[in-house]
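One structure is given below, encoded as structure tokens.
The values are calculated or read from the model by the stated rules, or taken from the named source; none is laboratory data. Just so you know, these numbers come straight off a predicted model, no measurement behind them. Note that each Cβ is placed from the backbone with ideal geometry, even for glycine, and that neighbours are counted across all protein chains shown.
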Amino acid sequence: MENIQKKAAELASFFLNNLSKFDKIYIVSHKDTDGIAACALLYITLSRYKKVETRIVSQIYTETLNKLKKIVGDNLVVFSDLGSSFCEEIEEKFKYYIILDHHPVKNCKGNILNPHLFGYNGAYDLSGSGAAYLFCKNLYPEIKKYSYLAILGAIGDKQNDPFQGLNLEIIKEGKGIFERYGKNIFIKNVEDDLKDGEYFSSLLNACGTLDKENLGLQVCIQNKEAIKEAKKIYEKYDRELDRALKHFLENKDKIIEENRKRSAYFILTNTKRNLTGPLSTLLIKIFNDKPVIVISKKDNLKISARGTKELVSQGLHLGEALKIAVNGKGEGGGHDIASGAIYHGDAEEFIERLDFEIKKQLKKGFLIEGELMFDYENEKIASSVAEAIDVDNEKPLKATLIETYSNRNIFITKVKSESIGTFKNVIDDVLVCIKSAEIMKE
Ligand SMILES: [Mn+2]
């Protein structure tokens, strides 16, 4: 496997080799602590070479990329703390691009620096700002005095419990900058108000959540006026969050009862759309035996999902579950432990789909399971029957798991269900499907 530091150096060379072709450099980054910190690192570094324009967004879509392409033309665009899930589209659309990210990634080649591609776990070992930092180090060695930004991003993305992997290396390298007290980190070379890493990170998060991302960037580079203003904004945000949290705590028993049969705590709320993320992060500390899904009903649904490391070790992957649950009616995805979605549809319908996906991942709530096996003449028939029976894409039967596959000339269906009645009905249905698939083959 290739070395991540080597790749960072290669991307820096790519930047230098092509620099003369650019009028301007565009940075597109994610609207949270990590994304703002990444953007600040890149701004500090790249503005030493060329004029830089920054854009901070909550998510990218195909449409975003199309608009961006018109603006950027053949100039360089650097994506930070986002972009991995669009790597193929980015490669296709942009002549010069660099992706510095840590979100889950598949089939990405090209100019991308993502810990997942180098044997690390992007959920715990390195943040988006960490990836940006590894890249910037090659272009501006003095960026080391800003290495706290890479660590703030990690704190913002909950990678401090405990720090591990490349995050830990960055901390060790930053001698004289960090003082560690377990999960807490103190930053020595910043304004007094910002020395507590957890607080600094929350301040940036509030700036992002309340659409004050430029203020957040100014805070990153220690602008005193900006720090004063950000503190005010943070207090207001904190009050709003407190109010919402208090409401949920008062209704704790009701929430537990409503979700007794579900795989997660689904919490519907009328609170501001941009508070679902922070609320879910707080609520998973209280309701920690199942994932927490906070859904804001304002306009279309805005969903934030949080899990725990333990649930992830049992098979939970919220990013995957949300991606499947939106089923084309919106956008969803993210990390195994934390992810989000937008859904243009009915809340109950969404909850049912997501509940089913999470149950499938955690293999919970299934009381009865069985397996059907059929021996066929040859592999081809077995696999074509398995294909015909592939019920995955249909609306899932309430809390029933159906897996079909073939192995050589044997076709196998696994059924798990909440009740014997449903189990029997599903088996009946599958048998009918198999029968008709066989007839079709004849
Ligand atoms: Mn991030």
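Quick notes
- Residue within the range 326-343 that is more than 14 Å from the chain's Cα centre (by Cα), part of a loop (DSSP other than H, G, I, E, B) and either of a type in the set (Gly, Ala, Ser) or modelled with pLDDT of 95 or more (or both) present: yes
- Evaluation of Ala230 against the conditions (1) farther than 14 Å from Ser202 by Cα; (2) at pLDDT 95 or above; (3) not hydroxyl-bearing (Ser, Thr, Tyr) shows that the sole unmet condition is (1).
- Residues that are more than 16 Å from the ligand (Cβ to nearest atom), of a type outside the set (Phe, Trp, Tyr) and touching an Asp or Glu at 6+ places or on another chain (Cβ under 8 Å) within the range 31-77 comprise Lys50, Lys51, Thr62, Leu65, Asn75, listed in sequence order.
- Count of the range 102-114 residues which are within 16 Å of the ligand (Cβ to nearest atom) and either assigned to a strand (DSSP E or B) or out of contact with any Ser or Thr (no Cβ under 9 Å at 6 or more places or on another chain) (or both): 2
- Meets criteria (touching a residue at least 12 places away in the same chain (Cβ under 8 Å) and either of a type outside the set (S, T, N, Q) or crowded, with 24+ Cβ neighbours inside 10 Å (or both)) for Asn75: no
- Subset tally (residues that are of a type outside the set (D, E, K, R) and not in a helix (DSSP H, G or I)) for the range 192-212: 1
- With respect to (1) modelled with pLDDT under 95; (2) out of contact with any His (no Cβ under 9 Å at 6 or more places or on another chain); (3) buried (at least 17 other Cβ atoms within 10 Å of the Cβ), the lone exception for Asn288 is condition (3).
- Of all residues making up the range 406-436, the number that are outside any helix (DSSP H, G or I), modelled with pLDDT of 80 or more and surrounded by fewer than 18 Cβ atoms within 10 Å (Cβ to Cβ): 6
- Of all residues in the range 158-172 being within 13 Å of the ligand (Cβ to nearest atom) and closer than 19 Å to Gly119 by Cβ, the one that is modelled with the lowest pLDDT: Gln159
- Test: Ile99 is away from the ligand (no atom under 16 Å from the Cβ) and either part of a loop (DSSP other than H, G, I, E, B) or of a type outside the set (S, T, N, Q) (or both): no
- Total residues in the range 149-166 satisfying the condition of being assigned to a helix (DSSP H, G or I) and surrounded by fewer than 24 Cβ atoms within 10 Å (Cβ to Cβ): the figure is 1.
- Per the conditions (1) away from the ligand (no atom under 15 Å from the Cβ); (2) touching a Ser or Thr at 6+ places or on another chain (Cβ under 7 Å); (3) of a type in the set (Gly, Ala, Ser), the sole criterion not satisfied by Ala132 is (1).
- Residue match in the range 59-67 (condition: charged (D, E, K, R), surrounded by 14 or more Cβ atoms within 10 Å (Cβ to Cβ) and either more than 24 Å from Leu217 (Cα to Cα) or not assigned by TED's automatic domain parsing to the domain that holds Ile303 (or both)): no
- For the range 264-285, the candidate set comprises residues that are more than 20 Å from the chain's Cα centre (by Cα) and part of a loop (DSSP other than H, G, I, E, B); within that set, the residue that is surrounded by the fewest Cβ atoms within 10 Å (Cβ to Cβ) is Asn270.
- With respect to the conditions (1) within 16 Å of the ligand (Cβ to nearest atom); (2) surrounded by fewer than 23 Cβ atoms within 10 Å (Cβ to Cβ), Ile143 lacks only one, and its number is (1).
- Screening Leu210 against (1) hydrophobic (A, V, I, L, M, F, W, C); (2) touching a strand residue (DSSP E or B) at 6+ places or on another chain (Cβ under 9 Å); (3) within 21 Å of Ile342 (Cβ to Cβ) leaves a single unmet condition, (2).
- Just one residue in the set Glu257, Glu179 is modelled with pLDDT of 95 or more, surrounded by fewer than 19 Cβ atoms within 10 Å (Cβ to Cβ) and either assigned to a loop (DSSP other than H, G, I, E, B) or out of contact with any Gly (no Cβ under 8 Å at 6 or more places or on another chain) (or both); that residue is Glu257.
- In the range 212-229, the residues that are free of Cβ contacts under 8 Å to residues at least 60 places away in the same chain form Cβ pairs under 8 Å with partners that are aliphatic (A, V, I, L, M) and part of a loop (DSSP other than H, G, I, E, B), at six or more places apart or across chains, as follows: Gln222/Val190.
- Residue check, Cys87 assigned to a helix (DSSP H, G or I), within 15 Å of the ligand (Cβ to nearest atom) and either outside the structural domain of Gly334 (by TED's automatic domain parsing) or within 27 Å of Lys212 (Cβ to Cβ) (or both): no
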